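Below is one structure; the comments refer to it alone.
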């Protein structure tokens, strides 16, 4: 019998009522009295020297308040990078300046040349067209390998080259890894590209800067996944505003997928301009602007090699990756191909020796940073593709080869510096085989063949690392931020609770799932708990939501704060019932004295805390409000096994997904319905990457797929009904809820399953094909079949 | 979007008059023009909506049996009302999405002549007559390359007359992002021969594949064009497919259209 409340129940998402009825409060819904509008004049050339900018005609246009250029930001800080990677020689990465508005050069199509602030948005756009910009075009640096060639044009003239860093991991392992390859019975090699993606949240980015002349306070309303991080980065590094004079509000946010983690120049601009003009300044991205200004994702070019012994045991793994940084370092860009990627290269397997090399490269393209999964999808894709190729080369069953090499004993220390606490990889694979009806596949393949179609089955496993932590470790790895989470639990006099969390919900359903935890702990109805988030003015310093960390880290902070609440409430209850504190029990929202029929209700205790007439004032303070900061001991390690079944039309190359099944181990689960939804969404995005999405640049640095006319997003008809199973649960050992996180799993686990299935289908049709790069579009499949 | 004037006349004569203003432009369903204007890529001084002209709406059968469709008739109305010409109704039913079909018009589509639009294939394969406020233009003379037609400045498509074939079918292979035709092939079999029109594929816009027409006029079966494909020369190569791929798709879709028409 499923529970109807508390942990493990699936109440409907309470926030959806306002989202679906048009009563949400998104940043663009916010109208600040007297707000002006900014339009950014963006470069339509990928790389050019700015010879001159003439604002005379534009400044005289109707409604123009002021036009800003890079010159207005001399002496102002640049957009900071939040992670410093140390290269394989012990040197820090090359870190270019990133001005709020371009200074001296433009470095990608979309780079901001000028910002026009006007009374109306149309007036700002009109004036922007009247700005005369004299640009001297330079050769565009687009291809990563060409960017590193001797004598290549430099994106940043003051750096020694276009190489951001050359990272080796674990550098000390390299000789042993190379030796293992020498001794291998079989080596499988695969070269592939992890395609560049545009995140495309439904809500484009918005920023409103406001300044209160009376108090000297600045406020930024912004579409962010982590308002405190924005406050810290922008206040401390860009604008020099102390945190007590800067408030950042991220209200309802319509999807983030990583691209709303980062601190963007538009946020700093609006905050700066509001103070300079003593007017609120609002910017709303158009969809077209989003394509050339939101940080992109992925874009790795990789060569991966897998060494096996004569018994098909994995003996070593070696990878060589080029990771595109784009023109500037976005907030967490350097961490994605390194600490979020190299540490995951063991996957679910007991490969004893691993060496990962990553060269991060500057190019004249939009900056690249974390996108749903961030480094982990890149790791999983290459690993699971090369294993599939090895199985085919060796003539063994891909599932059997994986099972043979599974890690089965936990905790398990990988050769890439992380320790998995729990997992059951055979368990998830068992669940998958059953759900995917693997035994019926050959029959289905014959049915497809009878209709002239090729059918393929692809499987893969994944391991994820969520809730990046602990802070002292990530500090050593180069993070310029902590990675704890915070929560304040405020119990009101009549018993209702408000939780102010540092986590931020932008689609994850925190307002529903977080109350389930507290309701379970206290034994009250979920409707008595509200979640507040997204405003630095009323939430404790938190790190926000990304990396599937909210329930594992933010939820744990909330549990710790609630434990403090319960401990204090028991003292109050003991006083009210004249009993010993140790004898007080809390159950179903009432405190009782063990072994007696004495009891006081939750509401009696909370009222006593705020109306302390009969209260132990000499022992404890009035009130019932507690804050906790939780810094985890380790990452969490969700894992799973995914299977995809495709049909390929050999006449056109079109791939259709016939079935997709996902067996995940997320540890304990708070709300199974929300978890299902997270997995569904993630798989949808993964199928999008595998079949459709492609942010492609031409050799001049023009984005060819800069609108939905050419950038293919997955639609309902592109995806099947998913099979989702999370019955295999090995709880996390080091957080109080035993949870692992589920937000990114679907996007990590699905692309390799799709491509493995397509390769399987084509090989069943007699095509000697080992790999097709994503997106596996009809034309690419046809080309592979006929090339 | 730049500022513009707007008129919604109720007669063709008033529309023609309104279009006399410099840089005035006719507005059908606006499914291409309005997004273009929002992007500030078009700046007409005036939009003249053709939606209020009753005589340009609807579908009827002419004395010669041709299906006559008013220039301002929406794709949805053609999909629902052109049952006498199933191939054409099927084409209309597959344009864009329901919102596009509810607003977009046949006249607007043919006047724009997007090289990947569906209607040009239907009109050309049918040997349709494009009727304007000033004259009648044969489809073979009307389409003159990408976004280029025989229409003069200010000329309005008031009606399109389609001879109804004995058998017909339209096959579209969608470009994955826009869902326009990466390649679309319309096959129509008339008593005096078969016409095959291809959209989406050529740098010169919609074209007739005469080689296939000749083969199919002799033997209207997929086998007749089994080993045939147009030259890839002059076909579009882009992010979504090479010229060779498009040439291959023309071949596949022609066979499928013939098979479906039979």
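Table: residues versus (1) under 16 Å from residue A:541 (Cα atoms); (2) assigned by TED's automatic domain parsing to the domain that holds residue A:117; (3) buried (at least 23 other Cβ atoms within 10 Å of the Cβ).
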site	(1), (2), (3)
A:197	no, no, yes
A:203	no, no, no
A:212	no, no, no
A:226	yes, yes, yes
A:230	yes, yes, yes
A:242	yes, yes, no
Seminar exercise, completed: For the stretch A:603-614 the number of residues that are in a loop (DSSP other than H, G, I, E, B) and touching a strand residue (DSSP E or B) at 6+ places or on another chain (Cβ under 9 Å) is 0
For this session: Determine which single condition residue B:178 fails, assuming it passes every other condition in (1) within 14 Å of chain A (Cβ to nearest Cβ); (2) surrounded by fewer than 24 Cβ atoms within 10 Å (Cβ to Cβ); (3) outside any loop (DSSP other than H, G, I, E, B).
Result: (3)
Exercise. Out of all the residues in the stretch A:455-482, which are under 19 Å from the mean Cα position of the chain (by Cα) and buried (at least 23 other Cβ atoms within 10 Å of the Cβ)?
Worked result: A:462, A:463, A:464, A:465, A:466, A:467, A:468, A:469
For this session: Inspect all residues belonging to the stretch A:27-39 and state whether any of them is crowded, with 21+ Cβ neighbours inside 10 Å, closer than 30 Å to residue A:138 by Cα and under 33 Å from the mean Cα position of the chain (by Cα).
Result: yes
Exercise. Looking at the stretch A:684-701, which of its residues are more than 10 Å from chain B (Cβ to nearest Cβ) and surrounded by fewer than 17 Cβ atoms within 10 Å (Cβ to Cβ)?
Worked result: A:699, A:700
Exercise. Is it fair to say residue A:596 is surrounded by fewer than 24 Cβ atoms within 10 Å (Cβ to Cβ), within 30 Å of residue A:456 (Cβ to Cβ) and free of Cβ contacts under 8 Å to residues at least 40 places away in the same chain?
Worked result: no
Exercise. Taking the stated definitions as given, is residue A:669 within 18 Å of the chain's Cα centre (by Cα) and in contact (Cβ under 8 Å) with a residue 60 or more places away in the chain?
Worked result: no
Seminar exercise, completed: Taking the stretch A:567-590 and keeping only residues that are assigned to a strand (DSSP E or B) and either outside the structural domain of residue A:601 (by TED's automatic domain parsing) or surrounded by fewer than 19 Cβ atoms within 10 Å (Cβ to Cβ) (or both), one is left with A:585, A:586, A:587, A:590
Seminar exercise, completed: Of the residues in the stretch B:223-246, those that are surrounded by fewer than 22 Cβ atoms within 10 Å (Cβ to Cβ), touching a strand residue (DSSP E or B) at 6+ places or on another chain (Cβ under 9 Å) and within 28 Å of residue B:262 (Cα to Cα) come to B:244
Problem set entry | Condition broken by residue B:191, with the remaining ones in (1) surrounded by fewer than 24 Cβ atoms within 10 Å (Cβ to Cβ); (2) in contact with a helix residue (DSSP H, G or I) (Cβ under 8 Å, 6 or more places away or on another chain); (3) away from chain A (no Cβ under 14 Å); (4) over 17 Å from residue B:244 (Cα atoms) satisfied | (2)
Exercise. Looking at residue A:269, is it in contact (Cβ under 8 Å) with a residue 40 or more places away in the chain and within 14 Å of chain B (Cβ to nearest Cβ)?
Worked result: no
Exercise. In the stretch B:218-239, which residues are within 13 Å of chain A (Cβ to nearest Cβ), under 30 Å from residue A:707 (Cα atoms), part of a loop (DSSP other than H, G, I, E, B) and without any contact (Cβ under 8 Å) to a residue 40 or more places away in the chain?
Worked result: B:232, B:237, B:239
For this session: Please report, ordered by residue number, the strands (runs of 3 or more DSSP E) entirely within the stretch A:54-149 with at least 2 residues that are crowded, with 22+ Cβ neighbours inside 10 Å and in contact with a helix residue (DSSP H, G or I) (Cβ under 7 Å, 6 or more places away or on another chain).
Result: A:64-69, A:112-118
For this session: Could you grab me the full set of residues in the stretch A:761-774 that are in contact (Cβ under 8 Å) with a residue 60 or more places away in the chain and either away from chain B (no Cβ under 14 Å) or surrounded by 24 or more Cβ atoms within 10 Å (Cβ to Cβ) (or both)?
Result: A:761, A:762, A:763, A:764, A:765, A:770, A:771, A:774
Exercise. Which fully enclosed strands (runs of 3 or more DSSP E) of the stretch B:1-110 have 1 or more residues being within 22 Å of the chain's Cα centre (by Cα)?
Worked result: B:24-27, B:46-49, B:59-61, B:67-70
Exercise. If you scan the stretch B:34-48, which residues turn out to be away from every other protein chain (no Cβ under 14 Å) and within 17 Å of residue A:288 (Cα to Cα)?
Worked result: B:34, B:42
Problem set entry | the stretch A:280-295, subset out of contact with any helix residue (DSSP H, G or I) (no Cβ under 8 Å at 6 or more places or on another chain) and surrounded by fewer than 24 Cβ atoms within 10 Å (Cβ to Cβ), residue nearest to residue A:364 (Cα to Cα) | A:292
Exercise. Residues in the stretch A:16-24: is at least one assigned to a loop (DSSP other than H, G, I, E, B), surrounded by 12 or more Cβ atoms within 10 Å (Cβ to Cβ) and either at pLDDT below 95 or out of contact with any helix residue (DSSP H, G or I) (no Cβ under 7 Å at 6 or more places or on another chain) (or both)?
Worked result: no
Exercise. Residue check, residue A:495 against (1) crowded, with 18+ Cβ neighbours inside 10 Å; (2) outside the structural domain of residue A:549 (by TED's automatic domain parsing); (3) modelled with pLDDT of 95 or more, all met but one. Which one?
Worked result: (2)
Exercise. What do you reckon, is residue A:714 away from chain B (no Cβ under 14 Å) and either touching a strand residue (DSSP E or B) at 6+ places or on another chain (Cβ under 9 Å) or at pLDDT 95 or above (or both)?
Worked result: no
Exercise. What is the residue count in the stretch B:240-258 for residues that are within 12 Å of chain A (Cβ to nearest Cβ), over 30 Å from residue A:706 (Cβ atoms) and touching a helix residue (DSSP H, G or I) at 6+ places or on another chain (Cβ under 6 Å)?
Worked result: 2
Exercise. Can we say residue B:84 is within 21 Å of residue B:178 (Cα to Cα) and touching a strand residue (DSSP E or B) at 6+ places or on another chain (Cβ under 6 Å)?
Worked result: no
Seminar exercise, completed: The condition of being within 30 Å of residue A:157 (Cα to Cα), in contact (Cβ under 8 Å) with a residue 24 or more places away in the chain, under 23 Å from the mean Cα position of the chain (by Cα) and surrounded by fewer than 20 Cβ atoms within 10 Å (Cβ to Cβ) holds, among A:324, A:357, only for A:357
Seminar exercise, completed: Checked A:728, A:764 against criteria (assigned by TED's automatic domain parsing to the domain that holds residue A:348, over 23 Å from the mean Cα position of the chain (by Cα) and modelled with pLDDT under 95); the one match is A:728
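The values are calculated or read from the model by the stated rules, or taken from the named source; none is laboratory data. As the structure is a prediction and not an experimental result, all values here were calculated from the model. All Cβ positions, glycine included, derive from the backbone under ideal geometry; neighbour counts span all protein chains shown.
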